[in-house]
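*Asks:* Let me give you the structure first, and then I'll get to my questions.
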Amino acid sequence: MGFGLTDAQRDLRDDVREYARTEIAPRAAALDRNEEYPAAILDDLGDRRLTGLTLPEKYGGRDEGLVELAVVIEELSAAMMPVASALALHLGVATVVEHFGSERLREEFLPEMARFDTVGALGLSEDDAGSDKLAMETHAERDGDEWVLNGHKRWVTNFFDADTVLTYAKTGPDDEAPHNVSAFLVPTAAFEVDTVWDTLGARSVKSPRVSLSDVRVPAARLVGEEGEAYVQRGAVDTGVNLPARAVGLARSALDDTVTHVTDREQFGRRIGEFQGIRWRIAEMATRVDTARLLTLRAAARADRGADISHELSMAKIHATEAAVENTNKALQLHGGIGYTTERDVERYLRDARLLTIAGGPNELHRNTLADAVLGD
Ligand SMILES: Cc1cc2nc3c(=O)[nH]c(=O)nc-3n(C[C@H](O)[C@H](O)[C@H](O)COP(=O)(O)OP(=O)(O)OC[C@H]3O[C@@H](n4cnc5c(N)ncnc54)[C@H](O)[C@@H]3O)c2cc1C
């Protein structure tokens, strides 16, 4: 039973870590403060084909597995979580096209997506379809060689810099659920923007509400089998990116806190010498390792073809709550300066707070996990 990365995985990690340390981390606070999209960074990641990390080489990808995805996402998120989320959501869309799209769609979209020349966003959630995605109102009607879409999507992360939205819509009656949802690649230009929220964290990559009114898309833009998109989506394991993002934040919170408590003196001693603080550091380090182990276990099992619904939920719950806990503790141990934008810990906390909600709230993952444990 191996717990270590291979030499190639370590090389990949070190390469991305160095890029993140030198090119992302120094810019992250200003990008966040100015709510500025990290365009140059994502273009660099496209040049390195990290935006096509898990896509097959024949479509311009790097043909890596989900362990490599988790490793790369942890490194990016440790520097700036929204960079990791823009890349991961894009790659998630490309993966659905790769697994279920026609050869024509794969050839048309994937080489450009691997380089980030075509950018994908995910249109699944709606006003009344948050945790309960099958309550979506967006629907598509077939008209000859086209589909006509009406409805709306909300929280479409990276919409403003995306070219295409993988849009889920009902194509069958409710009594056929979950076999009544199809997915379409819809150009972003076909949507109207309704609302752009001001968010607590993840401020540099926006997730607006957008709507579709009698938008026609060619039948060839249907991704996968008609009616099966919701079920097929469950077979895509790029969701390991979410706990991996949490591991990155939990780790940065720990690293910054170690530096701070080693430098800061009160009562004539470094505050890291106080037992109460040492114990918190020990707990933070344990959270980072347990979160990473659970995430990599899920990724490694998925790479071996196993069903990871149970392991993915466990990793998602534990890692995202570890990120919230570590970033919150980091702020406390920084004292007043941690509450300011002079340090990064307040940004880590704001970004971490999203992760227990996005990718399905942790309560739903607890349901999935309880079903697996109780055998329902
Ligand atoms: C910044 C941001 C970016 C996002 N990006 C995307 C994206 O790119 N594409 C996309 O499609 N979606 C995206 N989402 C949507 C995200 O997946 C949803 O927010 C999430 O699924 C929860 O839906 P909701 O917000 O409507 O919460 P609701 O479904 O209204 O749930 C509210 C709360 O109720 C509780 N709850 C709900 N159901 C249960 C239950 N069965 N048992 C116990 N408790 C429950 C949970 O605490 C939950 O947080 C994003 C969201 C945010 C905030």
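Read the figures in this text as sums done on the coordinates, not as results from a lab. Just so we're clear, the structure is a prediction, and the values are computed from it rather than from any experiment. FYI the Cβ positions are ideal-geometry reconstructions off the backbone, even for glycines, and counts take in every protein chain you see.
*Asks:* Between A285 and D307, how many nm apart are label points set 7 Å from Cα along the C-beta direction?
*Replies:* 3.9
*Asks:* Pick out which of D117, D175, D194 has the largest mean-square fluctuation in a Gaussian network model of the chain, springs linking Cα atoms closer than 10 Å.
*Replies:* Of D117, D175, D194, the Gaussian network model singles out D175 as fluctuating most.
*Asks:* Restricting to DSSP H runs of at least four residues, report the calculated mean residue ellipticity at 222 nm for the chain, -39500 (n - 2.57) per run over all residues, nearest 500 deg cm²/dmol. Don't skip to the answer; put the middle values down first.
*Replies:* Details: 12 runs with 183 residues, N = 376.
Roughly -16000 deg cm²/dmol at 222 nm, from the helical runs in the chain.
*Asks:* When the chain is fully extended, how far beyond the present Cα-Cα distance does S131 get from S102, taking 0.36 nm per residue of separation? All intermediate terms of the calculation are to be shown ahead of the outcome.
*Replies:* Values: separation 29, 0.36 × 29 = 10.44 nm, distance 2.91 nm.
This chain segment gains 7.5 nm when fully extended.
*Asks:* In addition: GNM, the chain, Cα, under 10 Å: largest mean-square fluctuation among T22, T327, T356?
*Replies:* The residue with the greatest mean-square fluctuation here is T22.
*Asks:* Counting only residues 5 or more places away or on other chains, whose amide H sits under 5 Å from the amide H of E146 once H atoms are built in the peptide plane?
*Replies:* A219
*Asks:* Efficiency by 1/(1 + (r/R0)^6): what FRET value for D117 and T262, r their Cβ-Cβ distance, R0 = 56 Å, to the nearest 0.05?
*Replies:* Details: r = 44 Å, r/R0 = 0.79.
The formula returns an efficiency of 0.80 here.
*Asks:* Something else: Can you tell me the length gained on complete extension of the stretch M1 to V196, counting 0.36 nm per residue apart and subtracting the Cα distance?
*Replies:* 65.4 nm
*Asks:* Pairs K206/K316; K58/K316; K58/K133: which are spaced more than 27 Å apart, C-alpha to C-alpha?
*Replies:* Listed pairs above 27 Å: K58/K316; K58/K133.
*Asks:* Also: Please report the Cα spread of the chain along all three principal axes, rounded to whole Å, starting with the longest.
*Replies:* That gives 79, 46, 39 Å along the principal axes, largest extent first.
*Asks:* I want to check the label-to-label distance for D145 and A29. Put each point 7 Å from Cα in the C-beta direction and report it in nm to one decimal.
*Replies:* The modelled label-to-label distance comes out at 5.7 nm.
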